[in-house]
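This report concerns only the one structure given below.
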Amino acid sequence: MEPLLVLTNLPDVASAEKLARALIECRAAACVNVLPACPSIYRWQGAVEVATEIPLLIKTTRAAYPLVEEVIRTQHPYDVPELIAISITDGLPAYLDWLAMETEKHDQE
């Protein structure tokens, strides 16, 4: 089991909570933190943009990542959503065991 932390941002609390719930309900993720709104400054289609976004921290596994990506791609309101996966190399063993258990159907595939 290889644990991952996946990052994405959404434009509002309602869409962030809806996506978080969808990821948990289909067992694509063990936990999703919906963080407070923060400013994002980025370049999009040649212009510098400023937006308020809601960050999500998604805890999952490499095996479940394809489903995480599918859910985000189909339910995210942006044309090109941020989707970054970071390997978790260390962590509390009991927490990582729980993460694996919550997404285990994907680890068995």
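Within the stretch 68-83, count every residue that is of a type outside the set (D, E, K, R), surrounded by fewer than 18 Cβ atoms within 10 Å (Cβ to Cβ) and within 15 Å of ALA16 (Cβ to Cβ).
5
Just to be sure I understand the filter: pairs with C-beta atoms under 6 Å, separated by 6 or more residues or on different chains, first member in the stretch 64-92 and of a type in the set (A, V, I, L, M, F, W, C), second member surrounded by 15 or more Cβ atoms within 10 Å (Cβ to Cβ) and part of a loop (DSSP other than H, G, I, E, B). Which pairs pass?
Qualifying pairs under 6 Å: ALA64/ALA28; ALA64/THR103; LEU67/ALA28; VAL68/ALA28; VAL71/ALA28; ILE72/PRO81; ILE72/LEU83.
Got a sec? Which of ALA28, ALA14 is surrounded by 15 or more Cβ atoms within 10 Å (Cβ to Cβ) and at pLDDT 95 or above?
ALA28
Inspect all residues belonging to the stretch 22-32 and state whether any of them is part of a strand (DSSP E or B) and under 27 Å from MET101 (Cα atoms).
The answer is yes, given that some residue of the stretch 22-32 is part of a strand (DSSP E or B) and under 27 Å from MET101 (Cα atoms).
If we keep just the residues of the stretch 46-67 that are surrounded by fewer than 21 Cβ atoms within 10 Å (Cβ to Cβ) and hydrophobic (A, V, I, L, M, F, W, C), which is nearest to TYR78 (Cα to Cα)?
Only one residue tops the list, namely ALA51.
Hey, ASP97 hits all of (1) assigned to a strand (DSSP E or B); (2) without any contact (Cβ under 8 Å) to a residue 40 or more places away in the chain but one; which does it fall short on?
Failed condition: (1).
Counting only residues that are touching a helix residue (DSSP H, G or I) at 6+ places or on another chain (Cβ under 7 Å), assigned to a strand (DSSP E or B) and of a type in the set (A, V, I, L, M), how many does the stretch 40-93 have?
Qualifying residue count for the region: 4.
Would you pick out the residues in the stretch 1-52 that are acidic (Asp, Glu), touching a residue at least 12 places away in the same chain (Cβ under 8 Å) and under 30 Å from LEU92 (Cα atoms)?
Selection gives GLU2, GLU17.
Exactly one of (1) under 25 Å from LEU10 (Cα atoms); (2) of a type in the set (S, T, N, Q); (3) out of contact with any Leu (no Cβ under 7 Å at 6 or more places or on another chain) is unmet by THR89. Its number?
(1)
The values are calculated or read from the model by the stated rules, or taken from the named source; none is laboratory data. All values derive from a computational prediction rather than experimental measurement. When we count neighbours, we look across all protein chains shown, and the Cβ atoms used for this are built from the backbone with ideal geometry, even at glycine.
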